[in-house]
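Any read-out appearing in this document is the output of simple, stated calculations on the displayed coordinates, not a laboratory observation. Keep in mind that this is a model prediction, so the values were computed, not measured. Cβ placement follows ideal geometry from the backbone for every residue including glycine, while neighbour counts extend to all protein chains displayed.
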Amino acid sequence: METTLDVKGMTCGHCKMSVEGALKELDGVQSAEVDLASGKVTVTHEEGKVTKEDMREAVEDQGYDVA
Ligand code: 9UX
C-alpha cells in the first residue's frame, strides 16, 4: 500500500537522499520518493508491517518535521 507524508524543511538533494534512505531502511518499506518542490513523500510498503508513526519517527530522526 501507499502512504503519503507531508515533510517540512527539505530543500536540497541531500535532504531528499537522507529522508528516502531512512524510510527505505524500515522493515516493510519497498520504496520512498521525495518530491522536493511540494515536500510530499510517497512511501510504498507492506500493509501492517510498518505504520505511519514509524515513518514519522524515521523522518524526524533525520531532522525534518512531519506535518
Ligand atoms: Mo543541505 Mo538539505 O544542509 O537541508 S542537506 S539543504
* Asked: Which value results for Rg/Rh of region 1-50 when Rg is the Cα radius of gyration and Rh the Kirkwood radius based on the inverse mean 1/r?
  -> 0.97
* Asked: Nearest 20 debye, what's the magnitude of the dipole of the chain about its Cα centre given +1 on Lys and Arg Cβ and -1 on Asp and Glu Cβ?
  -> 220
* Asked: Out of His45, Val19, Thr3, whose Cα points farthest toward the positive end of the dipole of the chain (charges: +1 Lys, Arg; -1 Asp, Glu; placed on Cβ)?
  -> Val19
* **Theoretical gain in end-to-end length, Glu53 to Leu36 [0.36 nm per residue, Cα-Cα removed]** => 4.0 nm
